[in-house]
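Here's the structure we're looking at; comments come further down.
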Amino acid sequence: MIRFLLRFLGLLCLAGAFILVIYDGTKSIAASRFYFTTVRTLWELLNAGSLAQMRPLLSPYANGLLWDPGMVTVLTWPAWSLLGCIGILFILLGRKKKPLIGYAR
């Protein structure tokens, strides 16, 4: 059941990444310049209040380094790349075990 859930979430993340690649590509072609949706933009579209609440949660840890260079860098990445990486990770975690060959039990 857990493997199914991980694979399903992985496929959803990969589908979202594919949709964002198509969206960014069409927007780039229409604007005649390179355009990509950042993670910050996507997060603000989905739930702007939670992004504002995240800074006080992460700032006290690691002497403020967890927020300023860490999370700020992640928020500037293209959203399709982050969703793609998360999707691949979920699919790898949910894959079936390789069957044992021979008498290796």
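Laboratory data are not the source of any read-out in this text; all were calculated from the coordinates shown. Owing to the predicted nature of the structure, the values given are computational and were not obtained by experimental measurement. Every residue, glycine among them, receives a Cβ derived from its backbone with ideal geometry; neighbour counts consider all protein chains shown.
Per-residue answers, yes or no, for (1) more than 11 Å from the chain's Cα centre (by Cα); (2) of a type in the set (Lys, Arg):
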{"site": "Leu6", "(1), (2)": "yes, no"}
{"site": "Phe36", "(1), (2)": "yes, no"}
{"site": "Asn47", "(1), (2)": "yes, no"}
{"site": "Asp68", "(1), (2)": "yes, no"}
{"site": "Cys85", "(1), (2)": "no, no"}
{"site": "Leu93", "(1), (2)": "yes, no"}
{"site": "Lys97", "(1), (2)": "yes, yes"}
Original post:
Which one of Leu46, Leu5, Leu57, Leu20 is in a helix (DSSP H, G or I) and either surrounded by 15 or more Cβ atoms within 10 Å (Cβ to Cβ) or touching a Ser or Thr at 6+ places or on another chain (Cβ under 6 Å) (or both)?
Top reply: Leu20
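Restricting to the range 73-105, name every residue that is outside any loop (DSSP other than H, G, I, E, B), in contact with a helix residue (DSSP H, G or I) (Cβ under 9 Å, 6 or more places away or on another chain) and over 20 Å from Gly10 (Cα atoms).
Residue satisfying the conditions is Leu75 alone.
Here is a yes/no grid of residues against (1) within 30 Å of Arg95 (Cβ to Cβ); (2) polar (S, T, N, Q):
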position: Gly10; (1), (2): yes, no
position: Ala15; (1), (2): yes, no
position: Leu20; (1), (2): yes, no
position: Thr26; (1), (2): no, yes
position: Ala30; (1), (2): no, no
position: Phe36; (1), (2): yes, no
position: Leu65; (1), (2): no, no
position: Val74; (1), (2): yes, no
position: Trp80; (1), (2): yes, no
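Look through Thr38, Thr76 and report the one residue that is surrounded by 13 or more Cβ atoms within 10 Å (Cβ to Cβ) and of a type outside the set (Phe, Trp, Tyr). Write out each step before concluding.
On the way: Thr76 fails: surrounded by 13 or more Cβ atoms within 10 Å (Cβ to Cβ).
Only one candidate passes the filter, namely Thr38.
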